[in-house]
Amino acid sequence: MTTARINGITIHHEVSGDGPAVLMTHGYSSTGRAWAEQHRALADLYRVISWDMRGHGETESPADPAQYSHDLTVADMRGLLGHLGIERAVIGGLSLGGTMSLAFHRRHPEMVRALVICDSGPGYRNADARAEWNQRAEKRAADLETRGLDVLQSGSRDMRESMQRHRSSQGLAHAARGMLAQRDSAIIDSLPAIRVPTLVIVGDRDTPFLAPCE
């Protein structure tokens, strides 16, 4: 992976292939390496970009918890595309990465050629449901601060494989509170404004993601 200085932090990213640009964003506590197979499969036809979000992988993990938010993540995506000279791209992601892709469209629809949303959701209108989600995000943050990256051992294969790539358990904790947590219903409220082709993918046994994807 290569690096770029964007929005005051060093962001690690990988670029392969040539053609229309596709920016793929990983899920919470994963890294851009989750998209290795997509690089191999799509590089003959597309310019595929993957990256590590702030607090994740080899991208910088700011010490200040205020440096983690939906807005800053969207700004990082826009900054990375600008660094690569890309004006429009297919924007896609898994889980948190899918949510951030929807947030990116909300802020910069003119830069989105299409959307790919995998095992993800647009957040909540219901305040109680949002609060319950945020309690889980806070618990994950607290566990990371108490037990470190070993917390990821109980997660998916992707999480376990990502353990050795993360720089900081504190960075992941900050990301849980600032990026994984939901603040309002802005993203779900923006869905009717989507006019670009959109592919929503969910595994039929990925029970927690069925309702959000619907």
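The values are calculated or read from the model by the stated rules, or taken from the named source; none is laboratory data. Because the structure is predicted, anything quoted here is derived from the model rather than measured. Cβ sites come from the backbone with ideal geometry, for glycine too, and all protein chains shown count toward neighbours. These area figures cover heavy atoms from the full protein model, side chains too; ligands, DNA and RNA do not enter into them. Shrake-Rupley method; radii C 1.70, N 1.55, O 1.52, S 1.80 Å.
Around the amide H of THR25, modelled in the peptide plane, lie the amide H atoms of GLY92, GLY93, LEU94, all under 5 Å away and 5 or more residues distant in sequence or on another chain. The mean accessible area for residues of segment 1-74, using a 1.4 Å probe and ignoring ligands and nucleic acids, is 40 Å² per residue.
Taking all protein chains in place and a 1.4 Å probe, what share, in percent, of the accessible surface of segment 24-73 do carbon and sulfur account for? Walk me through the numbers before you get to the answer.
Numbers: 980 of 1950 Å².
Of all accessible area on segment 24-73, carbon and sulfur atoms account for 50 percent.
Quantify, in whole percent, the carbon and sulfur part of the accessible surface of segment 163-205 (1.4 Å probe; protein heavy atoms only). Before the final figure, lay out the partial values.
Numbers: 1270 of 2470 Å².
Answer for segment 163-205: carbon and sulfur cover 51 percent of the accessible area.
Normalising by the residue count of segment 102-214, find the relative contact order in percent from Cα pairs under 8 Å and 6+ residues apart. Relative CO of segment 102-214 lands at 46 percent. Against the empirical 2.2 N^0.38 Å (N residues), segment 169-214 has a Cα radius of gyration ratio of 1.51. Just so you know, the Rg over Rh for segment 120-214 is 1.01, from Cα atoms, with Rh as the Kirkwood radius. Counted over the chain, the DSSP beta bridges are approximately 30% antiparallel.
Can you pull a Stokes-Einstein diffusion coefficient for segment 57-151 at 37 °C (0.692 mPa s), Rh from Kirkwood over Cα pairs, as a whole number of µm²/s? If you can, show how the numbers build up before the last one.
Working: Rh = 15.1 Å.
Value of D from the Cα-based Kirkwood radius: 217 µm²/s.
For the chain, the calculated P(r) over all alpha carbon pairs, in 10 Å bins from 0 to the bin holding the longest distance, is 9, 36, 39, 15, 1 percent.
Give me the percent relative contact order of the chain, please, defined on Cα pairs under 8 angstrom at least 6 residues apart. Intermediate values should be presented prior to the final figure.
Values: 416 pairs, mean separation 49.3, N = 214.
Contact order relative to length: 23 percent.
Classify segment 116-174: rounded, prolate or oblate, from the alpha-carbon gyration tensor (a ≥ b ≥ c, eigenvalue square roots; a/c under 1.5 rounded; otherwise prolate if a/b is larger than b/c)? Verdict is oblate for segment 116-174.
Residues of segment 99-214: accessible area per residue at 1.4 Å, in Å²?
57
Selection among THR207, LEU81, GLN164 by position relative to the dipole of segment 74-214 gives LEU81 as farthest towards the positive end (Cβ unit charges, Cα centre). The fraction of accessible area contributed by carbon and sulfur in segment 93-154 is 47 percent, rounded to a whole number (1.4 Å probe; ligands and nucleic acids excluded).
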